[in-house]
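Peer 1: Before I ask anything, here is the structure I am working with.
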Amino acid sequence: MKRIWRSEVIAGKSVQTEGDAKVFAFVNKYDTKPKRRLHEVLKSQGLQMNQQVTFLSDGGDTVRDLQTYLSPESEHLLDWFHVTMRLTVMGQLVKGITAELSPGNNCPETATILADLEKHVASVKWNLWHGNVLHALQRIDDLDDDLEMLEEEPANKKKLLKAVKELRSYIEANQAFIPNYGDRYRHGETITTAFVESTVNYVVSKRFVKKQQMRWTQRGAHLLLQTRVQVLNDELRGTFGRWFPGMKSEGQATLQAAA
């Protein structure tokens, strides 16, 4: 599940172990029964009482509260995609600092700090991949210490300090939901909602992107999302059929044409 638009819109995909997948989306502040909406999606896929469900999310409280209400006994995980995305940004900032300070810098202390920065970012990723949250937090603290010791003020230093502090808060808030990703991966278990990212783009579609310069009311956005979801789940015609009983189904129309 993925939150977009400052937590206003929630979009996601429900994937069965064997069977079809379904997408869902709604404007959280507008939808009066978001829990019911998600429950109906899972129910349509054959969800049984007390059935084990694995929920992966970006760690947001709104999304996780929704999941817990639907299936308290299920497994709730922080998806690896959002963890590694933050680490990738940090790694790029470290490379930028190294590229800026390395040419012409003969200070051994600075060279050691730069080497430690790269080493500690890699260590944070390794520990989180293996579910070693405590060690990962210690390495994050090492990153913070290294930056404080860096006397020079490269362009990316403040950005990296901010990213390090935000990562620490993020990992601390979600440490109970961080599994051994490596072990899950080796056993063929899902560790990431990266597939949901493409779903979000597919559901939200071109109409919502910033390039369109379109302003949406909550009601308008919510109704458009419901139409998109119905189309993607191949349910729109059935909905119209319930609204207008006289409307022939596609199958009936085909049979009559054949006759």
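The values are calculated or read from the model by the stated rules, or taken from the named source; none is laboratory data. Quick caveat: nothing in here was measured; it's all calculated off a predicted structure. No Cβ is skipped: glycine too gets one built from the backbone with ideal geometry, and neighbour counts run over all protein chains shown.
Peer 1: Please verify whether the range 123-141 includes one or more residues that are out of contact with any strand residue (DSSP E or B) (no Cβ under 7 Å at 6 or more places or on another chain) and at pLDDT below 85.
Peer 2: Looking through the range 123-141, none of the residues is out of contact with any strand residue (DSSP E or B) (no Cβ under 7 Å at 6 or more places or on another chain) and at pLDDT below 85.
Peer 1: Still on this structure: Limited to the range 85-109, what total is found for residues that are over 28 Å from Tyr181 (Cβ atoms) and crowded, with 18+ Cβ neighbours inside 10 Å?
Peer 2: Of the residues in that region, 1 qualify.
Peer 1: I need a count of the residues in the range 213-235 that are modelled with pLDDT of 80 or more and either in contact with a Ser or Thr (Cβ under 7 Å, 6 or more places away or on another chain) or of a type in the set (Phe, Trp, Tyr) (or both).
Peer 2: 2
Peer 1: Within the group Ala122, Ala163, Ala176, Ala155, which residue is more than 17 Å from Arg86 (Cα to Cα) and assigned to a helix (DSSP H, G or I)?
Peer 2: Criteria check complete, one pass: Ala176.
Peer 1: Here's a follow-up. Here is a check on your reading of the model: is Ile178 surrounded by 13 or more Cβ atoms within 10 Å (Cβ to Cβ) and farther than 23 Å from Asp58 by Cβ?
Peer 2: Here the answer is no, as Ile178 does not meet what is asked.
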